[in-house]
Each structure stands twice: as C-alpha cells, then as structure tokens.
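First up is the structure itself, then whatever we jot down about it.
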Amino acid sequence: MTNPAVPWYKQFWPWVLIIIPVITVIVSINLVIIAVDTEDSLVVGDYYKKGKAINEQLDEIRKARELGIKAHLTIKDGFYRIKLDSFEPLDGSAITLDFHHATLSEKDFHLKLVMNPSGEYVTEHTGDISGKWHLTIRPFNQQWKLTQVTRFPRNSQIDFIP
C-alpha cells in the first residue's frame, strides 16, 4: 500500500521558491518610492548657467587678489571674528560669511558680520559646525570674495588668501 502524496502547499520547497520573488517585488517597490520621493542635492539642474556663473566667481576672486585682500577668521566661544588686511582702504560696511556643507545642502547657512571699533568684523553663532565646510567671505556689494575649505572643529585661525 502506498502513502498518498502530500499536497504541494504542505511542502517546504514550493514556499521557498514563492517567497524569493515576493520579497524581490516588495524591495523593488520600496526602492522606487525612495527614488521618486527624495531629491539628490548634489546634482545641479541647470548646469549651463552654473558653468557661466563660475566665470563670474573667478572674477570676484581676481578682484580680491588685485585689492590685496586677505582675511583671518577665528572662532572662539561662539564668536566669529574676521580681520581683513588690504592694500586699499575698505568701506567698513558689513560682510557675509557663507558656510556651505561639503555634502548636505540643508546645513548651509550665512552669517552677517559687522565692524567693531577695533576694525574686526564680529558676529555670534552657536550652531554646530563640525565637519567639512566651504567658506566664503564677501562684502555686501559683492565686488570681491575669498574662499577656503576647512574642517571643524579646529582651534587655529583660518587664513583666506586669494
């Protein structure tokens, strides 16, 4: 006498063969949802205009070199101090210090520094700046700019030389 065959749904291997494609479909749907819902902040949409803007940025750096402008940034106890050196007199208006994070654009921020009686530009900021940053110093009239790439935390002065 022979034993009746066990139905397929009570066996182990058919379920293994079914579960693999089901898991693959579920993971694929999740990856499509992530790809559609998130934005890649490192990709520039209008690369042609961005490329033209690079020439303008180079002109601003050349202007700083022509004026002989150098800057020294110190950060201590939440106070940001910039001392500018120049062969030509500067007008004394406020300047901006831009922090652009190397990979996370949502961390970018801008500081406005005003001149104190000793000739330094000063402001206060208590946010976290640890990591790699692209720093830019500009006057309000956007005539020149100084840039530097640095990593925080650090205890030493940051020198901007065009």
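Data overview
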item: Helix 47-67 vs. the chain, principal-axis angle (Cα, 0 to 90°, nearest 10); result: 30
item: Mean Cα-pair separation over length for the chain, i.e. relative contact order, pairs under 8 Å, 6 or more apart, %; result: 22
item: Gap separating the Cα centres of segment 56-82 and segment 84-144, nearest whole Å; result: 8
item: Footprinting exposure proxy for E106, E120 (fewest neighbouring C-beta atoms within 10 Å first); result: E106, E120
item: Per-pair calculated FRET efficiency, R0 = 41 Å: I23 and V149 via Cβ, rounded to 0.05; result: 0.40
item: Aspartates and glutamates whose Cα lies under 14 Å from that of K70, excluding same-chain neighbours fewer than 8 positions away; result: E60, D85, E88, E120, D159
item: Order of L17, L73 under a 10 Å beta carbon neighbour criterion, fewest first; result: L17, L73
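Here, each number is a calculation from the coordinates, and none is a lab measurement. Nothing here was measured: the structure is a model prediction, and the numbers come from that model. Virtual Cβ from ideal backbone geometry, glycine too; neighbours counted across all protein chains shown.
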